[in-house]
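Below: the structure, in structure tokens.
The values are calculated or read from the model by the stated rules, or taken from the named source; none is laboratory data. Quick caveat: nothing in here was measured; it's all calculated off a predicted structure. All Cβ positions, glycine included, derive from the backbone under ideal geometry; neighbour counts span all protein chains shown. All accessible areas refer to the heavy atoms of the entire protein, side chains included, with ligands and DNA or RNA removed. Shrake-Rupley method; radii C 1.70, N 1.55, O 1.52, S 1.80 Å.
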Amino acid sequence: MNGQLCEAVIKRDKWVEHQKKKAEHTANVTYNNERATMILNTTYKTAMEGNLIPDRETLVTRIGNMIKSPNSSWSEEKPEWELPRTYFDA
């Protein structure tokens, strides 16, 4: 070896850095204290009203529907979270 990092190591390092940035965003913005409280209260309210997912098939269907037809707020944010197709190109 000539002391240079191989392409796989460089790509992995880029991926790790990307994941660290997204984790920081998630911790600081997506799930800040206000958002966490809202989620906790909404989840509790939903559970108390009996609007639970009854079985695995319903869960899978709901997840599929969310992916195929995302709500407007996710549709707007999705491009920000997607990696460009050339992200790992050397």
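Ignoring ligands, DNA and RNA, what percent of the 1.4 Å accessible area of the range 27-69 is carbon and sulfur? Mind dumping the intermediate values first?
Working: 2300 of 3980 Å².
On the range 27-69, the fraction of accessible area on carbon and sulfur atoms equals 58 percent.
Positive-end ranking of Leu40, Ile67, His25 along the dipole of the range 19-67, with charges on Cβ about the Cα centre, is headed by His25.
If I stretch the segment between Glu76 and Glu24 completely, what's the gain in nm (0.36 nm per residue apart, minus their alpha carbon distance), one decimal? Provide the component values of the computation, followed by the final result.
Values: separation 52, 0.36 × 52 = 18.72 nm, distance 2.01 nm.
Stretched out fully, the Glu76 to Glu24 stretch lengthens by 16.7 nm.
For the set Lys20/Lys68; Lys21/Lys78; Lys14/Lys68, the pairs lying more than 25 angstrom apart at their alpha carbons are Lys20/Lys68; Lys14/Lys68. Annotation: Asp13 carries an accessible surface of approximately 70 Å², with a 1.4 Å probe and no ligand, DNA or RNA atoms counted. Probing with 1.4 Å while keeping every protein chain in the model, the per residue accessible area of the chain equals 91 Å². Placing unit charges on the Cβ atoms only, positive for Lys and Arg and negative for Asp and Glu, gives the chain a dipole magnitude near 120 debye about its Cα centre. Distance between the 7 Å Cα→Cβ label points at Ile67 and Asn32: 3.1 nm.
Given the Cα atoms of the chain, and with Rh set as the inverse mean 1/r over their pairs in the Kirkwood sense, what is Rg to Rh to two decimals? Rounded to two decimals, Rg over Rh is 1.13.
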